[in-house]
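Quick notes on the structure that follows.
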Amino acid sequence: MSDIQVTAAFDSGNIEVRSVSGAEAVLTIRKDRDSEFFQWFHFRVSGAEGRMLVLRLTGLAASAYPGGWPGYRACVSEDRRFWARADTQWEPEREGGTLTIRYAPQGDLAWFAYFAPYSMERHHDLVARIAQRPGVSHRCLGHSLEGQPIDCLEMGAGKTQVWLYARQHPGEAMAEWWMEGALELLTDPADPHARRLREACRLHLVPNANPDGSCRGHLRTNAIGVNLNREWDAPSPERSPEVLAIRDAMDASGVDFAMDVHGDEAIPAVFFAGFEGIPAWTERQGEGYERYRRILLRRTPDFQVKRGYPVAAPGRANLAMSTNQLANRFGCVAMTLEMPFKDHDDRPDAVQGWSPERSKLLARECLAALAEWLAG
């Protein structure tokens with residue numbers, strides 16, 4: 001039989017082909033432009049019908065987060081709508097760290113990705129669909145380095161200023177799936193949580209803060225290798241116009257509550273990172289953050305508080321990160337939401353692992369928790 005064909009020449013595609021023999025391929029992941037970060041992959045295999053594919057991604061011990069590979073299973077789809085998990089083996093000593101994916105497609109085509117992708121085409125469909133709903137306004141806050149719009153969807157008539165934003169790190173596609181779930185809830189006229197939030201708040205949602213990196217198939221950076229979540233203390237038009245546009249809009253509105261939505265490569269759980277080490281920390285802020293965590297913990301079994309990142313010592317928080325910058329700048333309650341690339345160990349799913357569907361459901365619980373939190 002002829003060799004399979006492997007390509008990543010599409011939106012968010014990332015793979016480099018080293019060799020192909022029959023139904024087997026040796027592959028590597030391309031680094032983010034002007035950066036040492038790499039972990040995101042997304043590629044298509046054709047000529048696969050009736051064959052067991054063996055796909056070896058090599059050199060991964062040098063990836064951004066090698067701790068993300070043990071226990072990880074690659075995402076696979078044959079229709080680009082439903083994403084399952086493929087049989088995946090991690091061998092840290094083989095060829096500089098090798099992830100071997102084995103999968104036998106029913107048809108000729110299969111797509112593989114680090115997580116179920118959220119394409120820029122779907123992003124524009126989401127923005128167009130939500131912007132047409134009653135009570136929603138759209139703003140272009142600014143443009144990326146490559147001229148793409150930084151879209152912001154706004155709604156609500158209340159005084160409390162809520163900012164929700166995602167995909168500073170473009171490879172964390174679960175963040176925009178979360179955003180889709182959030183926007184669908186907030187624009188549902190029958191949803192009681194949405195009604196309460198629209199009455200109490202002015203909501204500002206930025207579904208994709210890094211469209212250039214998303215298109216390019218980057219893990220963590222924009223078009224010139226800048227990690228946007230290390231730019232919030234001094235964003236510039238030359239390095240990080242994406243952050244500058246969002247932060248300027250926040251300065252104009254003020255911020256009372258903010259959530260920065262992300263994904264974590266290594267920890268198979270959903271958790272928050274807070275702002276404990278900021279210089280301007282207050283008891284009021286700290287209690288507001290802890291109360292929100294308690295509400296969400298009660299509302300959904302997909303959230304937990306036992307695993308997460310180390311807490312910064314007093315006065316030692318990194319103000320270049322958005323959650324710390326916003327909490328320090330506005331005196332607001334802010335947090336970084338992390339979802340897993342792997343499965344969810346507390347409640348695993350053998351078919352999908354952590355998935356777009358669960359990301360969207362988590363968004364609904366986060367917003368219902370916010371409605372409860374605001375009610376006091």
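So for the chain: antiparallel DSSP bridges make up what percent, rounded to the nearest 5? Kindly include the intermediate steps, with their values, before the conclusion.
Values: 39 of 63 bridges.
Antiparallel bridges: around 60 percent, rounded to the nearest 5.
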Original post:
To the nearest 10 degrees, how steep is helix 120-131 against the longest Cα principal axis of the chain, on a 0 to 90 scale?
Top reply: 30
**OP:** Whole number please: convex hull volume per residue, Cα atoms of the range 12-134, in Å³.
**Re:** 130
**OP:** For the range 114-188 and the range 234-292, write down the distance between their C-alpha centroids in whole Å.
**Re:** 17
Subject >> Three semi-axes of the equivalent ellipsoid, the range 48-96, Cα gyration tensor, whole Å, largest first >> reply: 23, 14, 9
**OP:** Run through the DSSP bridge list for the range 94-250 and note the antiparallel percent, rounded to the nearest 5.
**Re:** 55
Original post:
Using Cα atoms only, what is the angle between the long axis of helix 174-186 and the major principal axis of the chain, expressed in degrees (0 to 90) to the nearest 10?
Top reply: 40
Subject >> Percent RCO, i.e. relative contact order, over the chain, from Cα pairs under 8 Å lying at least 6 residues apart >> reply: 17
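Could you sort 193-201, 170-178 so that the peptide with the highest average Cβ count within 10 Å comes first and the rest follow in order?
Values: 193-201: 18.8, 170-178: 28.8.
Sorting 193-201, 170-178 by mean packing, highest first, produces 170-178, 193-201.
Based on the Cα atoms of the chain, what semi-axes does the equivalent ellipsoid have, where each is the square root of 5 times one gyration tensor eigenvalue, given in whole Å with the largest first? Kindly include the intermediate steps, with their values, before the conclusion.
Numbers: eigenvalues 249, 89, 83 Å².
In descending order, the three semi-axes are 35, 21, 20 Å.
Taking Cα pairs under 8 Å and at least six residues apart, what relative contact order does the range 314-376 come out at, in percent? Mind dumping the intermediate values first?
Numbers: 25 pairs, mean separation 9.6, N = 63.
Normalised by residue count, the contact order of the range 314-376 is 15 percent.
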Subject >> Percent accessible area from carbon and sulfur atoms, the chain, protein chains only, probe 1.4 Å >> reply: 50
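Taking only the C-alpha atoms, wrap a convex hull around the range 66-208 and report its volume per residue in Å³ as a whole number. Can you show the working numbers first?
Values: hull volume 23.8 nm³, N = 143.
Spread over its residues, the Cα hull of the range 66-208 gives 166 Å³ apiece.
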Original post:
Most mobile of Asp349, Asp32, Asp302 per a Gaussian network model of the chain (Cα springs, under 10 Å)?
Top reply: Asp349
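When the convex hull of the C-alpha atoms of the range 263-376 is computed, what volume per residue in Å³ does it have? Intermediate values should be presented prior to the final figure.
Working: hull volume 11.6 nm³, N = 114.
Spelled out: Cα convex hull of the range 263-376, divided by residues, is 102 Å³.
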Original post:
Once every DSSP H run of n ≥ 4 in the chain is given -39500 (n - 2.57) and the sum is divided by its residues, what mean residue ellipticity at 222 nm do you get, rounded to the nearest 500 deg cm²/dmol?
Top reply: -8000 deg cm²/dmol
Original post:
Using every alpha carbon pair in the range 275-315, what percent of pairs falls into each 10 Å bin from 0 up to the bin containing the largest distance?
Top reply: 26, 48, 25, 2
**OP:** Take the range 246-299, compute every pairwise Cα distance, and split them into 10 Å bins from 0; I just need the percent in each bin.
**Re:** 17, 43, 35, 5
**OP:** Among the trypsin sites (Lys or Arg not before Pro) in the range 273-376, which ones are in a DSSP loop with at most 13 other Cβ atoms within 10 Å of the Cβ? Mind listing them?
**Re:** Lys306, Arg316
Original post:
Roughly what would the spin-label model give for Arg307 and Val54, points 7 Å off Cα along C-beta, in nm?
Top reply: 3.1
**OP:** Compute the long axis of helix 241-253 from its Cα atoms, compare it with the longest principal axis of the Cα atoms of the chain, and write down the angle in degrees, 0 to 90, nearest 10.
**Re:** 20
Original post:
How big is the range 180-285 in terms of Cα radius of gyration and Dmax, in angstroms?
Top reply: 16.3, 44
Original post:
Most fluctuating residue of Gln285, Gln132, Gln148 in a GNM of the chain with Cα springs under 10 Å: which is it?
Top reply: Gln132
**OP:** Based solely on C-alpha atoms, express the radius of gyration and the Dmax of the range 13-82 in angstrom.
**Re:** 13.1, 40
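How large, in Å, is the range 297-359 by the Kirkwood hydrodynamic radius built from its alpha-carbon pairs? Spell out each step's value before the answer.
Numbers: mean 1/r = 0.0707 Å⁻¹.
With all distinct Cα pairs of the range 297-359 included, I get 14.2 Å.
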**OP:** Let me see the pair-distance distribution of the range 162-235: every alpha carbon pair, 5 Å bin width, integer percents in order.
**Re:** 3, 16, 22, 19, 14, 11, 9, 5, 1
Subject >> Amide H within-cut-off set for Met339, under 5 Å, with H built and near neighbours excluded >> reply: His262, Gly263, Asp264
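The values are calculated or read from the model by the stated rules, or taken from the named source; none is laboratory data. Quick caveat: nothing in here was measured; it's all calculated off a predicted structure. Note that each Cβ is placed from the backbone with ideal geometry, even for glycine, and that neighbours are counted across all protein chains shown. All accessible areas refer to the heavy atoms of the entire protein, side chains included, with ligands and DNA or RNA removed. Shrake-Rupley method; radii C 1.70, N 1.55, O 1.52, S 1.80 Å.
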